[in-house]
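Trainee: Mind looking over this structure? Questions follow.
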2 protein chains.
Amino acid sequence: VDAPGGPILVFGCGLIGGSAALRWGAARHEVWGYDRRDLQPFVERGGIARQVPIEALPDAAVVVLAASVGRIIAALRELPFRSGQLVTDVGSVKAPVMAAAAALPTGVSFVGGHPMAGSDESGHESAKADLFDGATWALVGAEEPVACVASLVAELGAVPLSCDAAEHDRVVALTSHLPQLLATALAAELEARGEPLSRDLMGQRVRSFLGLAGSSFEAMWRDVLTHNGEEVERALADVVARADQPVEGLAEEFALARRFAAGLPRPLRTPRT
Amino acid sequence: VDAPGGPILVFGCGLIGGSAALRWGAARHEVWGYDRRDLQPFVERGGIARQVPIEALPDAAVVVLAASVGRIIAALRELPFRSGQLVTDVGSVKAPVMAAAAALPTGVSFVGGHPMAGSDESGHESAKADLFDGATWALVGAEEPVACVASLVAELGAVPLSCDAAEHDRVVALTSHLPQLLATALAAELEARGEPLSRDLMGQRVRSFLGLAGSSFEAMWRDVLTHNGEEVERALADVVARADQPVEGLAEEFALARRFAAGLPRPLRTPRT
């Protein structure tokens, strides 16, 4: 299934939106950008064909909401989408986004999306055409529009994966939101203790994991942790209960954990710190 | 300061000992291996000059104890080290190892060591000559023997770092032991929940972090978590207290965490999953 022909409007040209714009542009889509910031430098870099005011929204064939979960929900409620448009988003929580999208006018097709890629960098300056190479891109919605968005995200190098909103939010609470919270809490404790050797006495994988802690609370995580708070709280309690045991009790946790780790695919490339 | 001339005996030719042996051998040291396993395949690969019985111990100039912390402590108590030998280890906890080493005969020089490198693989089959490239190698002991061991580990590509045993154990509780425990608990919870999409809905850094969960409880972590249990328990409680807060309270944790992350060096290469 092909995506509708016509311009793709990327609403929010930060790291995620900007990276998608760069790659779609290279694939000869006409890509427009909307952002509160001046996108002229990004136009000059070839990231988008032009920066448009919000009044241009009805002229886009596809609209990609690439902002925080809170701004995505606000956009779904407030922007004048028109019948025939395909609208998608990149928010890290799907159930509240799908609920907001349910109120869209008849004829607007909405697909919830979530690329499992990112970086602690932000802004179109850090956008990279290869950001999504090999990354899973979760898609939630009806079969036909999901197939359209799948073909678009496949052009970004991502691997589309259809799933249910509640399932998505439950799983990413453990695979993404809790890891972010733990990386943040660990890095905060290290910063607070201020031990001079703490950045040196560290292996490569933990260093890369703690790089997650560079990610922004205001731009991203406040909304994610608010909108998926219950699942994250449950995930934290479940994981802490497994960790907080006498040493001998941990034998079973290590055995379970090894089974999970054995099924992990090898990483495709170096994580960015 | 140069290390004493003469054979290096690697006591325990697993991933760590085997990787060091490979690289020292390539640097034209005479390297002997001791292991309960038959090391003939490792001799044939050029990893060591020969496998020796424990009776050969006094003939070595340098002895590297590359085993679990429990076996290192037992070896320090039981093996017939001789005056003039330089002995070091690779255990992940240093205070109990230094305490055991304090009872060594006069004239035996001991330096506690801990390379911040590893993998979920084990055995000499997984040994790699470049395992330590760029990795910090903590060293604990008196200035002169530390300088000798520093020159040896620098030949492995590692970056020697002198520190105090208690300081080391406090820091690695947060930078290594707790991350291992959290990766294990998270992977165990994911395995227990058995959600079909949990390996797909995951970014590269978390995937690499969860690769830690492939590491062995029996061969390594039981001893580490037993011997550094108090520090790890404190680290877990401190980190959980920071994570387990209402969302608004997390703003400050994210701010602290970003300051820590900003000072992290970039990783040198792809972490192994």
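Trainee: Ordered shortest first, which distances in nm separate the 7 Å Cα→C-beta label point of A:Asp59 from those of the other copies?
Mentor: 8.6
Trainee: List the residues whose amide H sits under 5 Å from the amide H of B:Gln85, counting only those 5 or more places along or on another chain, with H placed 1.01 Å from N in the peptide plane.
Mentor: Residues meeting the criterion, in which the H sits 1.01 Å from N, are B:Ser109.
Trainee: Determine the shape class of the protein assembly as shown: with a ≥ b ≥ c the square roots of the Cα gyration tensor eigenvalues, call it rounded for a/c under 1.5, and otherwise prolate if a/b is greater than b/c, oblate otherwise.
Mentor: Judged from the Cα gyration tensor, the protein assembly as shown comes out prolate (a/c at least 1.5, a/b above b/c).
Trainee: So how far, in whole Å, is the C-alpha centre of region B:37-98 from the one of region B:113-131?
Mentor: Region B:37-98 and region B:113-131 have Cα centres spaced 16 Å from each other.
Trainee: Turning to a different aspect of this structure: Rounded, prolate or oblate: which fits region A:204-254, taking a ≥ b ≥ c as square roots of the Cα gyration tensor eigenvalues, rounded meaning a/c under 1.5, else prolate when a/b beats b/c?
Mentor: Note, shape of region A:204-254 comes out oblate.
Trainee: To one decimal in nm, how far is B:Gly194 from the same spot in the other copies, if labels go 7 Å from Cα toward Cβ? Please give the shortest first.
Mentor: 5.0
Trainee: Right, something else. Mean separation of Cα pairs under 8 Å and 6+ residues apart, divided by the residue count of region A:116-241: what relative contact order is that in percent?
Mentor: Computed value for region A:116-241: 27 percent relative contact order.
Trainee: For the pair A:Ala262 and B:Ala27, what calculated FRET efficiency results from E = 1/(1 + (r/R0)^6), where r is the Cβ-Cβ distance and R0 = 45 Å, to the nearest 0.05?
Mentor: With a Förster radius of 45 Å, E is 0.80.
Trainee: Set the Förster distance to 45 Å, then compute FRET efficiency between A:Glu143 and B:Glu125 from the Cβ-Cβ distance, nearest 0.05.
Mentor: For R0 = 45 Å, the calculated efficiency reads 0.40.
Trainee: I've got another one for you. What percent do you get for the relative contact order of chain A when only Cα pairs under 8 Å and 6+ apart count? Could you put the intermediate results ahead of the total?
Mentor: Values: 444 pairs, mean separation 46.7, N = 273.
Relative contact order comes out at 17 percent.
Trainee: Please list, ordered by chain and number, the residues whose modelled amide H lies under 5 Å from the amide H of B:Ala138; skip anything fewer than 5 residues away on the same chain.
Mentor: Hits under the 5 Å cutoff: B:His114, B:Met116, B:Leu161.
Trainee: Report the accessible surface area buried between chains B and A, summing both sides, using a 1.4 Å probe on protein heavy atoms only, in Å² rounded to the nearest 100.
Mentor: Its buried surface, counting both partners, is about 9100 Å².
Trainee: Now a separate question. Using a 1.4 Å probe and counting only protein heavy atoms, arrange A:Met220, B:Met98 so the residue with the most accessible area comes first.
Mentor: A:Met220, B:Met98
Trainee: Please label the shape of region B:1-153 as rounded, prolate or oblate, based on the square roots a ≥ b ≥ c of the eigenvalues of the alpha-carbon gyration tensor (a/c under 1.5 means rounded; beyond that, a/b larger than b/c means prolate, else oblate).
Mentor: Because its axes are fairly even, with a/c under 1.5, region B:1-153 counts as rounded.
Trainee: Ok, one more. Which of B:Ala95, B:Gly25, B:Trp137 sits farthest toward the positive end of the charge dipole of chain B, with +1 on the Cβ of Lys and Arg and -1 on the Cβ of Asp and Glu?
Mentor: Positive-end residue among those listed: B:Gly25.
Trainee: How far is A:Pro246 from the same spot in each other copy, in nm, shortest first, if each label point sits 7 Å from Cα toward Cβ?
Mentor: 3.8
The values are calculated or read from the model by the stated rules, or taken from the named source; none is laboratory data. Everything numeric in this text was worked out from a predicted model, so none of it was measured. Methodologically, a virtual Cβ is constructed for each residue, glycine included, from the backbone with ideal geometry; neighbour enumeration extends over all protein chains shown. Accessible surface areas use protein heavy atoms only, side chains included; no ligands, DNA or RNA. Shrake-Rupley method; radii C 1.70, N 1.55, O 1.52, S 1.80 Å.
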